[in-house]
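For reference, the structure is listed below as structure tokens.
Just so you know, all these numbers are worked out from the coordinates, no wet-lab data involved. Computed from a predicted structure; not experimentally measured. A quick note on method: Cβ atoms are made from the backbone with ideal geometry, for glycine too, and the neighbour counts reach across all protein chains shown.
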């Protein structure tokens, strides 16, 4: 799968519009899920998703296969674009920023779950230990750096790193079971 | 740092999430190049995140795809292919978009050339226009001069052709023997016009003066202006009645009585 994805991205880099269409068919829904989980509002997510694919189109030649899988590259574009959209200061997004901040300060409590439920995303991290779920959400879906998470939760940076690690290990175990 | 320490540090997760600092990322990439276990671990983290994302997929509205394709189609025409044009090192790249790009560049170059030619032409036309404008004003000035000359000639002709005008011929006397002048005298209008014809210029500080002889008495009829190069009739003082006209040389500005020893022209009415 990764090899054909890399081929698609190379084709996109040459200006092949049909290749971008194929990439969208394969991953549009997955990336939409990621974006929706970050921004929480379906209409906004679809706007952001357009920007994501335009960025993929523009930057396809900068994808470096030696640094990681094509999907990881796209995923990080999607996350960063979504996080930027949420953090952009505008009236439209003000409420999202507020909920984002309260998520960090009161991390792991109801408002985090609420955001996910509003998004309508199936909560695949629900089975994780609460502290692991919290870390994955903050780091992965809310775009906070490990340092920011440490600053805002009062945890030591080393603890944040080791818990992120443990959280992903737990996730991997679950995914293995799921398969 | 050993591979195991790196794997357990949590840094690889941060690296995959794009959250490692440049120094950290450089460390990960260095270790990955030499330690297969690091690469395997990164791959496993990536696979886990990918699976998670695929499981959390939410199908967007079909309008999103067409909106994206519209946007990139616009970009493909405007900038992307032009930027890529110099990269065409392999033959496969001569697709429709690059043809379009080449055509766009050609059109741009052609348009620039046409603009340049038009600009130069405009410049020339402006220069030509300025020259024509200059010529026109010179001609207009000339026309004004000619028109004045014609009006003057018309006036003189009117005097000469006036059926009521009496012509008095004045003949040279003494030193002016052989010279002559003429007077056109309209008695109804009392107008006297003097035609100096070929009279020589008077001596320095002197001027010709016209006299009308009325019942044997000389009456001043005005000074004669002999402006060199300006031939033509000169309107003199009005004279209602005279038996003869005479011209004497007087000091400039004229005399109340004629110096008869300086009589140069004389004519009977």
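Some points to look at:
- Between helix B:22-34 and chain B: long-axis angle, C-alpha atoms, 0 to 90°, nearest 10: 50
- Shape of the range B:133-184, Cα gyration tensor, a/c cut at 1.5: oblate
- Whether chain B is rounded, prolate or oblate, judged on the alpha carbon gyration tensor where a/c under 1.5 counts as rounded: prolate
- Degrees separating the helix B:96-161 axis from the principal Cα axis of chain B, which is the longest one: 10
- Distance cut-off 22 Å, percentage of C-alpha pairs in the range B:167-269 lying past it: 19
- Relative to one another, the C-alpha centroids of the range B:143-207 and the range A:1-53 are positioned 107 Å apart.
- For the range B:3-58, the average shadow cast by the Cα convex hull is 3.9 nm², which is a quarter of the hull's surface.
- Using the average count of surrounding beta-carbon atoms within 10 Å as a protection proxy, the listed peptides A:128-137, A:4-13 rank, highest first, as A:128-137, A:4-13.
- Inter-chain shielding of B:4-16 (mean C-beta neighbours from other protein chains, 10 Å cut-off): 5
- Legend: mean number of C-beta atoms from other chains within 10 angstrom of residue C-beta atoms, peptide A:45-51, equals 4.
- Peptide A:71-81, shielding by other chains (average Cβ, 10 Å cutoff): 4
- Residue-averaged 222 nm ellipticity for chain B, from DSSP H runs of 4+ at -39500 (n - 2.57), nearest 500: -17000 deg cm²/dmol
- Computed FRET value (nearest 0.05) for residue B:55 with residue B:137, which takes r as the C-beta separation and R₀ as 60 Å: 0.10
- Degrees separating the helix B:62-78 axis from the principal Cα axis of chain B, which is the longest one: 50
- q = 0.14, 0.17, 0.21, 0.23 Å⁻¹: log10 I(q)/I(0) that the Debye formula gives for the range B:88-161, counting C-alpha atoms only: -0.73, -0.82, -0.93, -0.98
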